[in-house]
Amino acid sequence: MAWLDDPALIAERRAALGAPHIAPLEIWREGLVGAGHTVPHFDPFDGGIDARLLLLLETPGPGPDRTRFVSRDNPSGTARNLRRYLDVAGIARRATVPWNCVPWIVHAPGARNRALRRTEIAEGLATLPDLLAKLPGVRVCILAGRVAAGAEALIEEARPDVSVITMPHPSPANVCTSPDVSQRIESALLAARNALIK
């Protein structure tokens, strides 16, 4: 699939946001937007409410001011790595729903990536129980990166039926630090796949 920097691909996804598997999540997202946040859309090419694997990253990165999606097809190194690792693990796209612990864009337009503040993290994590309630089929939650790892206790309390697996964040800067990082990501996603087929 081409990267999501093509207006035709963006239009195709926008047209699918009312699909039954994605509309309930989009309604929930609109509540966050109504509270004053800039929140990318869920990707309707993923599993939506039918997903069995919730993949939590940290926060949307800086990018162009246009319609955005939380998607493995985004034109970023993190998305490219994530897509590759998911393909290697053999996890079907419709089994997944990627999202962010802090789901809104915190970067000023044109600004570079920055570390999240504690208050931003706390506010973002507070949205997760409501999201989990919209994903009844989720059986596994992958927490990617340090910020996401902080959601483990909250998820276990909100959804004790969900297996929680942590892994390093798949950003290029992180993956390049050591071969061990790639191995840990691959191991985590293989464990997730195995948990889904039990």
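Nothing in this text is a laboratory measurement; each read-out follows from the coordinates by a stated rule. Because the structure is predicted, anything quoted here is derived from the model rather than measured. Because the Cβ atoms are built from the backbone with ideal geometry, glycine has one as well, and the counts that use them run over all protein chains shown.
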Report task. Using a Gaussian network model of the chain whose springs link C-alpha atoms within less than 10 Å, name the residue from Leu32, Leu57, Leu135 with the highest mean-square fluctuation. Result -> Leu32
Requested in this report: Just subtract the alpha-carbon distance of Ala19 and Lys198 from 0.36 nm times their residue separation and send over the number in nm, one decimal.
Outcome: 61.6 nm
Query raised in the report: Under a point spin-label approximation (7 Å from Cα along Cα-to-Cβ), what is the Glu12-Arg184 distance to one decimal in nm?
Result: 3.6
Report summary line: For segment 85-198, shape from the Cα gyration tensor axes a ≥ b ≥ c, cut at a/c of 1.5 then a/b versus b/c, turns out oblate
Query raised in the report: Looking at the square roots a ≥ b ≥ c of the eigenvalues of the Cα gyration tensor of segment 132-196, which shape do they give, rounded for a/c under 1.5, prolate if a/b is larger than b/c, or oblate?
Result: prolate
Requested in this report: Under 15 Å from the Cβ of Glu186, count the other residues' Cβ atoms, weight Lys and Arg +1, Asp and Glu -1, and hand me the total.
Outcome: +2
Report task. Distance between Cα centroids, segment 146-198 to segment 12-57: provide it in whole Å. Result -> 21
**Report entry** Rg(Cα) / (2.2 N^0.38 Å) computed for the chain, rounded to two decimals
**Finding:** 0.95
Report task. Can you tell me which of 148-161, 89-102 comes out highest on packing, and rank the rest after it, using the mean Cβ neighbours within 10 Å? Result -> 89-102, 148-161
Report task. Excluding Pro129 itself, calculate the net charge of residues whose Cβ lies under 14 Å from the Cβ of Pro129, where each Lys or Arg counts +1 and each Asp or Glu counts -1. Result -> -4
Report summary line: Classified through the alpha carbon gyration tensor (a ≥ b ≥ c as square roots of its eigenvalues; rounded if a/c is under 1.5, else prolate when a/b is larger than b/c, else oblate), segment 33-92 comes out oblate
Report summary line: Charge tally for neighbours of Thr96 with beta carbon under 9 Å away, counting Lys, Arg as +1 and Asp, Glu as -1, is +3
Query raised in the report: Given the Cα-Cα distance of Leu154 and Ala35 and 0.36 nm per residue of separation, how much length would full extension add, in nm?
Result: 40.6 nm
